[in-house]
1. Hey, among the residues in the range B:102-128 that are outside any strand (DSSP E or B), within 11 Å of chain A (Cβ to nearest Cβ) and in contact with a strand residue (DSSP E or B) (Cβ under 8 Å, 6 or more places away or on another chain), which one's nearest to B:D80 (Cα to Cα)?
2. What number goes with the only condition from (1) on the phi > 0 side of the Ramachandran plot; (2) surrounded by fewer than 20 Cβ atoms within 10 Å (Cβ to Cβ) that A:G126 does not pass?
3. Do we have A:T230 as free of Cβ contacts under 8 Å to residues at least 40 places away in the same chain, of a type outside the set (A, V, I, L, M) and out of contact with any Pro (no Cβ under 7 Å at 6 or more places or on another chain) here?
4. Take the residues in the range B:14-54 that are facing chain A (nearest Cβ under 9 Å) and over 21 Å from the mean Cα position of the chain (by Cα); name whichever of them is surrounded by the most Cβ atoms within 10 Å (Cβ to Cβ).
5. Could you tell me which residue of the range A:233-243 is surrounded by the fewest Cβ atoms within 10 Å (Cβ to Cβ), considering only residues that are in contact (Cβ under 8 Å) with a residue 12 or more places away in the chain and assigned to a helix (DSSP H, G or I)?
Amino acid sequence: MKFPAPLVRLWHRLGSPRWFFETTAPWLPWLLGLGVALLGAGAFWGLALAPADYLQGNSFRIIYVHVPSAILAQSCYMLMGSCGVVLLVWRMKLADMVLEAAAPIGASFTALALATGAVWGKPTWGTWWAWDARVTSMLILLFLYLGIMGLRQALQRPEAAGRACAILAIVGLVNIPIIKYSVDWWLTLHQPSTFKLTEKPAMPPSMWIPLLLSVLGFYALFIWSVLQSTRVVVLERERRTQWVQNFVAAEGSKA
Amino acid sequence: MHPKRRQRLTLVAFLFAGVAVAVGLALFALNENINLFYPPDQIARGEAPTDQRIRAGGMVLEGSVKRDPGSLAVRFTLSDMAGHNVPVVYEGILPDLFGEGQGIVATGRLRANGTFEATEVLAKHDENYMPPELAAMAGRKAPEGQQAGLATLDAGG
């Protein structure tokens, strides 16, 4: 298999945490600005302008937080699973750093999805919690995130901890299609997806456009926070290198 | 690709495939138990155990809701809209979204005479979202309680 030369070059550069640290620095304010703008627009449109649902009234508006956080919870896990493969096969240091940085962020999105789901479930279903396949598989995702975070803390040698986390992240990938298709494979209380790739959404544009803005805003803020938090891990782990010491000294003299 | 890396990639692929097959078989074996509720056709075929706490799910048949004027007791028919019906009796507070033509999941016991005695009724929402005006055009109506709720919200906001 032959990959285009620029991709191969990028791949080799990713091997250097220093290159990553210096390249991503200028992206951060743009990502943050974009995320805040998209999320602000999506939230205002969704909460103030979009029409109420004929059945649920205004309580459906929690969708503008619930659905993006559930999507991001799964996207973050897929990122971590991919990092696990890259770490085990190519032994790339940066992959382990992203794996460490992304876990608490993914766990937060999962917890947010579960919490907003419960808040919506009470007025809609009549209960905070149901042990149906969708809700339970999301709870398992939360435990996977917490397990990966705990495993890293539990193992003394960083290299062994990284590999163990990578294996757990890859094994847990099995849960992602289960979450996605749980509502189709089994009888659940949770409704099936409103959005399908092949069909028109079961929702008018005045409702789904703000949702789309909100999802994009969540993605921008997610990338921003993963980059930000990976940069902290880079500084921590590379603290004995000359370039980090120079960087810290330069930052120190600025302040 | 470096032979060493190719070997590691194969190992990772086997690890993932092994786990996927194991989980797949386990889920397949547990298939019936993962379903949250029994649909009306399974109950009609006698596949649901009687006198045990189970859940039954389906649609509330149009025109079947009979409320007792003196108490919170209500009876209705749970249907899969394909000819399988289960009579349900319940006494208690119903969720706001409960109504004829709506999906519900009821917890309770199936009696030998085929009646389902519910102790809890949950509303199942479907994947369709609609503004009230559009819903009116499509001929869908909100259950009594919910419409009133919307009207007061509109008046208040």
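1. B:Q102
2. (2)
3. no
4. B:F16
5. A:W243
For every residue, the table says whether it meets (1) in contact with a Gly (Cβ under 9 Å, 6 or more places away or on another chain); (2) assigned to a loop (DSSP other than H, G, I, E, B).
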position	(1), (2)
A:I178	no, no
A:S182	no, no
A:T198	no, yes
A:P210	yes, no
A:L216	yes, no
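Read the figures in this text as sums done on the coordinates, not as results from a lab. Because the structure is predicted, anything quoted here is derived from the model rather than measured. Note: ideal-geometry Cβ built from the backbone for every residue, glycine included; neighbour counts use all protein chains shown.
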